[in-house]
């Protein structure tokens with residue numbers, strides 16, 4: 001699968017037109033991680049978005065695995081919008097390759113093509129709502 005095809009298949013970007021996907025594909029960088037290697041760490045300032053293009057990873061908060069991620073899954077999208085610390089660790093479970101999109105690259109693209117923002121907003125809102133629901137469930141489980 002090409003970078004453009006992967007980006008177009010990711011729910012965050014699947015409403016973008018081909019020109020916007022092509023522009024984003026030129027900005028992403030590929031990074032490789034070994035099993036057990038941290039990809040992002042809780043408490044560190046987020047610098048951008050990660051999309052898994054190969055392998056698997058897990059999201060860990062404290063000592064609890066809260067999500068499993070595979071090809072096409074993404075994380076760090078909120079870091080595209082703010083400068084707050086990451087809320088969980090993400091570590092590679094298998095050999096994992098991620099496409100990374102730096103915040104400053106993404107914001108530059110939005111400035112150049114502001115129409116790109118409209119299709120992204122509903123998905124970002126949905127991800128925030130899903131995170132809130134997960135937090136509520138975890139809080140109930142913990143008592």
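Every number here is computed from the coordinates shown, using simple stated rules; none is lab data. Remember, it's a predicted structure, so these values are computed and weren't measured experimentally. Using ideal geometry, Cβ is built from the backbone for each residue, glycine included, and neighbour counts are taken over all protein chains shown.
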Given 66-74, 20-28, 81-89, the highest-first ranking by average Cβ count within 10 Å works out to 20-28, 66-74, 81-89
Relative contact order as a percentage, segment 28-103, C-alpha pairs under 8 Å and 6+ apart, gives 52
Longest principal axis of the chain (C-alpha) makes with the long axis of helix 103-112 (C-alpha) an angle, in degrees to the nearest 10, of 30
Per the helix-only model, the chain has a calculated mean residue ellipticity at 222 nm (DSSP H runs of ≥4, -39500 (n - 2.57) each, divided over all residues, rounded to the nearest 500) of -12000 deg cm²/dmol
Kirkwood-based Rg/Rh on the Cα set of segment 28-103 evaluates to 0.93
Percent antiparallel among DSSP beta bridges confined to the chain, rounded to 5, stands at 100
Using alpha-carbon positions, the gyration tensor of segment 88-143 gives root eigenvalues a ≥ b ≥ c; with a/c under 1.5 called rounded, otherwise prolate if a/b exceeds b/c, else oblate, the class is oblate
